[in-house]
Structures are given as C-alpha cells and as structure tokens.
Amino acid sequence: MKSMQIEPRDANSLKRYRMHKLEECQLSGIRDTEILYFLLHRNPNLKSLLLSNCFFEQLVTSRSLVNDNLGVVPMLKSLKLMNLASLKTIGFEEYTVLFRMLECLILKHCPCLNSIASSSVSFTYLTNLEVSNCNKLSYLLTPPTAKSLVQLTTMKVIQCESMKTIVFESEQEKTELNIIFRQLKEIELEALHELKCFCGSYCCAIEFPSLEKVVVSACSKMEGFTFSEQANKTPNLRQICVRRGKEEERLYWVRDLNATIRSLYKIRVSIY
C-alpha cells in the first residue's frame with residue numbers, strides 16, 4: 001500500500017504496525033501527537049504527509065517518548081499542514097533528521113502558529129514554500145534559515161495578517177550575511193497588509209540571480225518597501241506583475257526591483 005488516508009478511529013493502529021511500503025499518508029482529526037510520532041518512526045519510506053483538521057499545539061511529541069529502536073523517516077519530502085487551529089509550533093529544531101530532506105512545505109490556515117523555524121534549522125533541499133492564512137506569523141524566516149534555501153524555486157506568502165517582513169533578524173542575532181536565493185524563480189506576495197519589507201536588516205545583502213516572476217496584490221503598507229536594505233540583484237527580472245482581483249493583471253518595471261515597488265505605491269496602482 002503506497003497511499004493511505006487515516007481517520008481518528010483508525011489512528012491507534014499506527015502505534016502497532018509498520019508499513020514499509022507506505023509512501024503517502026493523510027491524517028485528519030487527530031488529537032494525539034504520540035500517534036503522529038509513531039507514524040513518522042514506523043514507516044521508513046514515507047515521502048508525503050498531509051495533516052488536516054487536527055487539534056494538537058505542537059507537531060512533534062516530547063523527547064521522553066524517543067526510542068532508538070523505532071527508527072526515523074529520512075525520506076519525507078512533502079509536508080502539508082492545513083486547518084490546524086491549535087498548532088503553535090512545528091518543532092523542526094527537535095527532530096531535524098525527520099525533516100532534513102523536505103522539498104515541499106505548505107502551511108495553510110494555522111492561525112496560532114508563532115514561527116516556522118529558528119535560526120538553527122536548515123532547509124537545504126526545499127524547493128517549494130507556501131504559507132497562507134497564518135495570521136499570527138509576523139515574519140517567515142531568519143537570515144541563517146533563509147541562507148540555507150539554496151534549492152528554493154517558489155515562495156508564496158498569502159493573507160497573513162501580521163506579516164511585517166519575510167526575513168527577520170533580531171537585535172541579539174545581528175550578523176553580516178550575504179543571502180543568495182540561487183534557484184528562486186517566483187515570489188508571490190498577496191494580501192499582506194502589514195508587510196513593509198522583504199528583509200529589514202542592514203546587515204544582510206540579498207541576491208536573486210534566477211528570479212523571473214514577482215507577483216504583488218493587496219499589500220497596503222508598501223510605501224518605501226525594499227526587498228533588501230542593501231542593493232539587491234535580479235538580472236533576469238524585468239517586470240512585476242500586479243494582480244487586481246483574480247483575473248486582471250498588469251506588468252510594471254522601473255529601473256530595479258525596489259524602485260518598481262516604490263513607484264507602484266506612489267502612482268496608486270491597486271496593489272493595496
């Protein structure tokens with residue numbers, strides 16, 4: 001069996017059985033993170049996990065339940081968390097071995113989520129990052145984690161009401177970094193009403209050598225918006241797509257990425 005959808009009434013069976021052929025799993029309505037723990041450690045070939053409408057506050061359970069004989073899931077490539085109303089923390093820091101091969105991370109409708117990952121977490125293989133309707137997130141990434149995204153090709157941040165910056169650096173962590181999103185081709189920023197900059201740190205220089213598409217829509221505080229306080233490089237980008245509604249799109253370009261965003265605000269194009 002390569003794919004399985006598990007309802008709450010069947011969830012306890014995950015503690016008893018190993019399914020070596022299981023590659024895709026969907027869990028819905030789960031309240032016990034211990035069940036999730038056993039799923040992750042008893043299915044060595046699991047590649048895709050979708051959690052929806054579950055009721056726990058953290059994704060991984062306490063280290064007190066760790067049993068070296070259970071094994072790990074080094075093959076997990078896709079993690080989708082949807083409609084998790086109570087989730088506050090994911091816990092990438094605690095179990096980096098479980099998530100080190102992630103290629104796709106999608107977070108939707110997690111209103112209590114405080115942060116995605118601390119500075120100690122790297123996503124070296126991540127290619128697709130999508131975050132939407134996570135209204136408590138004030139930032140997306142720390143500079144060290146952003147620097148680790150060497151394979152990222154798509155970034156979408158949609159309707160996160162408290163999002164002020166994409167890359168955030170605290171006063172205690174300030175350090176000079178050159179962040180190169182080497183493979184990033186597409187950035188979409190939509191309905192981020194508090195967003196003021198992509199990266200607010202004067203210590204970080206950001207480069208987008210492969211960036212081809214930027215989409216902005218309904219971002220009301222983009223006056224003076226910058227993608228980086230230092231000079232950003234986007235040799236392949238020659239237009240910004242402004243989306244007004246679901247169908248109407250217009251293309252704009254003025255000198256560079258920062259200048260285009262600022263000019264859009266000044267001429268009152270409806271990106272807000």
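The values are calculated or read from the model by the stated rules, or taken from the named source; none is laboratory data. Given the structure is predicted, the values throughout are model-derived calculations rather than measurements. Cβ coordinates were reconstructed from backbone atoms using ideal geometry, including for glycine residues, and neighbour counts include every protein chain displayed.
Descriptive notes on the structure:
- Any chance Ser217 is among the polar types (S, T, N, Q) and modelled with pLDDT under 80: no
- With respect to the conditions (1) modelled with pLDDT of 90 or more; (2) within 10 Å of the chain's Cα centre (by Cα); (3) not hydroxyl-bearing (Ser, Thr, Tyr), Ala117 falls short on a single one, namely (1).
- Candidate set: the range 110-165, residues that are small (Gly, Ala, Ser) and within 20 Å of Asn83 (Cα to Cα); chosen: the one surrounded by the most Cβ atoms within 10 Å (Cβ to Cβ): Ala117
- Of the residues examined, Phe198 is one that is under 19 Å from Ser119 (Cβ atoms), within 17 Å of the chain's Cα centre (by Cα) and at pLDDT below 90.
- Condition check for Ser3: touching a strand residue (DSSP E or B) at 6+ places or on another chain (Cβ under 7 Å) and at pLDDT 85 or above: no
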